1. Could you derive backbone 3J(HN,Hα) for the stretch 84-96 from the dihedral phi with the Karplus parameters 6.51, -1.76 and 1.60 (θ = phi - 60°), listing whole Hz in sequence and x where the residue is Gly or Pro?
2. What order, most packed first, do the peptides 73-79, 126-132, 61-67 have when packing is the mean number of other Cβ atoms within 10 Å of each residue?
3. Spelling out what I want: for every residue of the stretch 110-122, take phi, set θ = phi - 60°, compute 6.51 cos²θ - 1.76 cosθ + 1.60 (Karplus), and round to whole Hz; glycine and proline get x.
4. Report the local net charge at residue 47: Lys and Arg +1, Asp and Glu -1, summed over other residues whose C-beta lies under 14 Å from its C-beta.
5. Please express the Cα-Cα pair-distance distribution P(r) of the stretch 5-143 as a list of whole percents, one per 10 Å bin, running from 0 to the bin with the greatest distance.
6. How would you classify the stretch 63-126 from its alpha-carbon gyration tensor, with a ≥ b ≥ c the square roots of the eigenvalues: rounded for a/c under 1.5, else prolate if a/b is greater than b/c, otherwise oblate?
7. Collect residues whose amide H, placed 1.01 Å from N in the peptide plane, falls under 5 Å from the amide H of residue 95; neighbours closer than 5 in sequence don't count.
8. By the scheme Lys and Arg +1, Asp and Glu -1, what is the net charge of all other residues having a beta-carbon under 12 Å from that of residue 124?
Amino acid sequence: MAQYYTILTDIGRAKQATAQAGGDPVRLATIHVGTGGGDTYYDTYGREEIAALETLVDEVWSDAINLLKVDDENPNWVISEGVVPASDGGWMIREVGLKDIDGDLIVIGRYPPTYKPLLTDGAAQDLKIRAISEWSNAELVEIVVDPTVVMASQSYVHEYTDQHISELLAEEDPAKALASKGYTHEYVGERLNTTDPATETGYKLIIVDGALAMEEI
């Protein structure tokens, strides 16, 4: 049996059943991480024990969910992500959880022990936390987004830009197509420096033999 996993809590399963019966969908809002109280966490809390929890054993950080999507390969898997900023840390992450808009712990997981350093450790950086939960129907899940705190993940930016680049490739004049979609750009030789107006993320488009392609920054 896997040592690290993510499951619905007892509360989460009850809310899933309510949604299946025609009630409100489960509206996930925040992601939480904790230390588990130490290495004994893995011996003390198995599937039944963590499913019964209403809060993490030792929560040290929480924020709005940064990304929530259905897995491309499994339509019943919901991928949730959060980003612990470089300014937070100094603790070992062993547990992760997702709460809904009511503040109820819906999803909980035993996370591989991961140290989140601080700036004073000399190796601080943002840490992406990913949790995959299995639902009987992923359409029962909704995400509540706070645009003031959500960050665009690398995977989201790549998916977003790939979609729009494919649209631009169909245009006869890529530069004109960029301008029509609200992108700001300037020519540098044969290179276009662009800024995505939705994510405010910069990336480079290059014209090769008259065709438009993306170049990683």
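We did not get these values from a lab; they are worked out from the coordinates using the rules stated. Bear in mind the structure is a predicted one, so any value in this text is a computation, not a measurement. Glycine also receives a Cβ, built like all others from the backbone with ideal geometry; neighbour counts cover every protein chain displayed.
1. 7, x, 4, 6, 10, x, x, 9, 8, 8, 10, 9, 9
2. Details: 73-79: 14.1, 126-132: 17.4, 61-67: 19.7.
With the highest mean Cβ count within 10 Å placed first, the list reads 61-67, 126-132, 73-79.
3. Using θ = phi - 60°, the values come out as 8, 9, x, x, 9, 7, 9, x, 9, 4, 5, 7, x Hz.
4. Details: positive: 13, 110; negative: 10, 43, 48, 49, 95, 134.
For residues surrounding residue 47, the net value is -4.
5. Calculated P(r), rounded to whole percents: 13, 43, 32, 10, 1, 0.
6. Working: a/c = 2.13, a/b = 1.84, b/c = 1.16.
The shape class here is prolate.
7. Residues meeting the amide H criterion: 34, 36, 111.
8. Values: positive: 116; negative: 88, 121, 126.
Here the charged neighbours net out to -2.
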